[in-house]
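Below: one structure, written as structure tokens.
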Amino acid sequence: MRSLLTSTLLALACGASAQAADLGVPRSPVAAAVVAPSFSWTGFYVGIDAGFWHGRNGYRFTNVAPTTFGNDSEAKIGGHVGYRHQFANNFVIGAEADLSWLMGRRRDYPGAGAPFFLSSRFRYDSSVRAIGGYAFDRALAYVTAGVTFANDSGCGSVAAGGACFPNTAYGGTRTGLTVGAGLAYAVTPNISVRTEYLYGAYGVRVQPAIGFAGTDIRHRLDTHTVRLGVSYTFNTAPSAVVSRY
């Protein structure tokens, strides 16, 4: 019994000495891992774009010349500004406004069966649209829809490039609806490139031709736009997440 008691006391004393020795040894730091967050499309952005605009125009001066149709294709250049917000499940929503100048000239469309021409010139178009898409990390596929505007002017003349008939001038800003789709890719966290298609439907505008009794100018317009763009995003994504283990 005395031997067992002595052995127990010695074991307890050794354990206490070992714990006391450990108190003076510095502890190793806990390892940390930096986890880079996935790319985010959230933020305000501005950019420039360029492309081609194609319009199918239907003009009619009632009681003067039958309806005539013409196709008008123009190069265009402009800018855009917008905001996108990406949710945790990769869905992206946003809004965008754009304005483009059409680098075209006056075009004359002959009226069928009469020595009469309808001239037109488009100067700019713009739109305000909602955007919805899905992000595949740095790639974003999206659809868009909203309101579109186009400014045009023209008149009736007896010959292509000729002087306008008195009081046949028309013009102003048209309003219509637009839908489209696009694909964007982020080259860096702030710079992205994109390609986009937009269709615009402006309906028929009826405008009296002053000076021709009972005569209206009827103009139907549908447009197609294909363009490339570069954007700079003022990114508001969170910084890297630090995990400890």
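The values are calculated or read from the model by the stated rules, or taken from the named source; none is laboratory data. Source: prediction; values computed, not measured. Side chains are part of the model used for accessible areas, which takes the heavy atoms of the whole protein and leaves out ligands, DNA and RNA. Shrake-Rupley method; radii C 1.70, N 1.55, O 1.52, S 1.80 Å.
Please verify whether region 150-158 includes one or more residues that are outside any strand (DSSP E or B) and either at pLDDT below 95 or of a type in the set (A, V, I, L, M) (or both). Outline the logic, then answer.
Narrowing region 150-158 to residues outside any strand (DSSP E or B): 158.
Subset that is either at pLDDT below 95 or of a type in the set (A, V, I, L, M) (or both): 158.
Scanning region 150-158, I find at least one residue that is outside any strand (DSSP E or B) and either at pLDDT below 95 or of a type in the set (A, V, I, L, M) (or both), so the answer is yes.
State which residue is nearest to residue 192 (Cα to Cα) when the search covers only region 127-137 and only residues that are modelled with pLDDT of 95 or more and open to solvent by 20 Å² or more (accessible area, probe 1.4 Å).
My answer is 134.
Residues checked against (1) part of a loop (DSSP other than H, G, I, E, B); (2) open to solvent by 30 Å² or more (accessible area, probe 1.4 Å); (3) at positive phi:
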site: 172; (1), (2), (3): no, no, yes
site: 183; (1), (2), (3): no, yes, no
site: 199; (1), (2), (3): no, yes, no
site: 202; (1), (2), (3): no, no, no
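Within region 87-98, which residues are part of a strand (DSSP E or B) and open to solvent by 30 Å² or more (accessible area, probe 1.4 Å)?
In the first step, residues of region 87-98 are kept if they are part of a strand (DSSP E or B); the result is 91-98.
Passing the criteria: 91, 93, 95, 97.
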